[in-house]
Amino acid sequence: MNKTNVEDHTATPVLRVNRSALILQSSSFDSTIMAASSEARFELITRNLQEVLGGDIIKSVLDQGKTPKCYWGTAPTGRPHIGYFVPLMKIADFLAAGVEVFNISLPFLVGVFMKIPCSDVHAFLDNLKAPLELVAHRVSYYSNLLKSIFESLGVPVDRLKFVVGSSYQLTKEYNMDNYRLCATVTEHDAKKAGAEVVKQVASPLLSGLLYPGLQALDEQYLDCDFQFGGADQRKIFTFAELYLPKLGYRKRAHLMNAMVPGLTGGKMSSSEANSKIDFLDPPAAVKKKIKAAFCEEGVVENNGVLAFVRAVLMRIVEGRLARGIPLSQMQPIVATDAPEGTLFTVSRKPEYGGPAHFASADDLEKAYAAKDIHPGDLKAAVAEAIASILEPIQKAFEASEEWKEVEKLAYPPPVVEVKKKKEKVYHPPPPGKGKKGAQPTATDSNAPKSDLPDAGPTPESMATGLEENEAKSIQSDQK
């Protein structure tokens, strides 16, 4: 098997990253996790997912008492948004299931090893979404952000490291496998696989066709058991399942979480500023974006506000409870006087029924569908909750001069082109043309006729330049 071992970390539980990609693995974990049945661990790994492909592969690893290894990738193209909380909350499930170190006395204790390519080949190949000169800065920005997010979720990052992913992506073995793949994959299959994740244009670049194959090869060279991603990755996942075995490599399982709707109702995207909330957006900006979000009264489908409560806010409360944090310290997501089991509170004025407490997303959605919860009240509660979970991340940003400098380099303000006014250059008319051209003469047939009478013969006095009397005197003398 052609596989490059980037580093040997057999003694240390690690979380690897490529393309900002996470490879979760551990050489040992708590005996309590080992004692749990493989069925229970499989349930934890696969719960709250939209789809699981090849679940038997994961079950087989668990039944053998081995530690499953997961690969999660994200290319640093646009600015990351709060939709990233969704996969990170799921990664917490992986940790609890023994995919990573889990210690009952300190839940989510993690040893992390991140492998991020400085050149970030995937991001660059994604139809130039990330110019090559910006990629290294964006990788650094992502790494700082991921550290801060993990810390805010209670995941220690004392063993978090970053290495150059090109240490295996540019090796002879990897490139030879890439050539082998190119000699096997049809143009149709490559284009189809990347349709959901690579920017589609009328004349696509060859780089976009290489993207799915490289992501498939990452599974082999990172030696993972399953890859995790959003439902928009499905075509790339099935592409990998089809073509890796043709190269002689084993097929991996693939886990997909549902895509969180953006604030406008569609996919939450980094390239659409109005559809997402940036991790560094201040509370006022969060409130403004949530206020403008699509949230039709009584409508649950494609409701990004409700979806975020289900996928992120309630999961955060569950994680805090698992770490022993009392419910009374969950404000503002959960009210101080909320009953046990509450995962989300919608505050309302007494005349509108007072605070409403919900123990599940289903209960909240039923109440919203019945119009028991007004969109304005829901939006206000969600905006306040989001601002609270972003606060520790933003404090970490403000406290790091390095991170702030990297942010400027990674995402410089767009250059506004100032259109120069075209200077008027005076071109004189040719001779005889224009307002000051030659005036028409009397002999000119086109000359305008005058209303004045024709002039008589010129007097001799006028001809000689003498007065009339002087002229007559000279004439008489000449006679």
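The values are calculated or read from the model by the stated rules, or taken from the named source; none is laboratory data. Worth saying up front: this structure is predicted, and the values here are computed from it rather than measured. Cβ placement follows ideal geometry from the backbone for every residue including glycine, while neighbour counts extend to all protein chains displayed.
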Residue within the range 297-305 that is assigned to a helix (DSSP H, G or I) and over 26 Å from Asp63 (Cβ atoms) present: yes
Positions within the range 297-324 being surrounded by fewer than 18 Cβ atoms within 10 Å (Cβ to Cβ) and under 24 Å from Ile277 (Cα atoms), in sequence order: Glu297, Gly298, Val299, Val300, Glu301, Asn302, Glu318
Inter-residue pairs, beta-carbon under 9 Å, first assigned by TED's automatic domain parsing to the domain that holds Ile57 and in a helix (DSSP H, G or I) and in the range 220-234, second among the basic types (Lys, Arg) and at pLDDT 90 or above, 6+ apart: Gln220/Arg250; Gln220/Arg252
Whichever residue in the range 325-355 is farther than 18 Å from Ala367 by Cα and in contact (Cβ under 8 Å) with a residue 40 or more places away in the chain and, among such residues, is surrounded by the most Cβ atoms within 10 Å (Cβ to Cβ): Pro332
Qualifying residues in the range 172-218 (those that are modelled with pLDDT under 90 and among the acidic types (Asp, Glu)) - the one surrounded by the fewest Cβ atoms within 10 Å (Cβ to Cβ): Glu196
Test: Gly78 is modelled with pLDDT of 75 or more and part of a loop (DSSP other than H, G, I, E, B): yes
Conditions (1) at pLDDT 90 or above; (2) buried (at least 16 other Cβ atoms within 10 Å of the Cβ); number of the one not met by Cys224: (1)
Of residues in the range 348-377 being of a type in the set (Ser, Thr, Tyr) and at pLDDT 95 or above, the one farthest from Ala335 (Cα to Cα): Tyr368
Hits in the range 252-295 - residues which are modelled with pLDDT of 95 or more and in a loop (DSSP other than H, G, I, E, B): Arg252, Phe279, Leu280, Asp281, Pro282
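Quick grid of which residues meet (1) farther than 20 Å from Pro87 by Cβ; (2) assigned to a helix (DSSP H, G or I); (3) not aliphatic (A, V, I, L, M):
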| residue | (1), (2), (3) |
| --- | --- |
| Leu313 | no, yes, no |
| Val317 | no, yes, no |
| Ser328 | yes, yes, yes |
| Glu340 | yes, no, yes |
| Asp363 | yes, yes, yes |
| Ile386 | no, yes, no |
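Conditions (1) in contact with a Ser or Thr (Cβ under 8 Å, 6 or more places away or on another chain); (2) at pLDDT 85 or above; (3) under 30 Å from Val286 (Cβ atoms), marked per residue:
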{"residue": "Leu24", "(1), (2), (3)": "no, no, no"}
{"residue": "Ala36", "(1), (2), (3)": "no, no, no"}
{"residue": "Gln50", "(1), (2), (3)": "no, yes, yes"}
{"residue": "Asp56", "(1), (2), (3)": "no, yes, no"}
{"residue": "Gly83", "(1), (2), (3)": "no, yes, yes"}
{"residue": "Val86", "(1), (2), (3)": "no, yes, yes"}
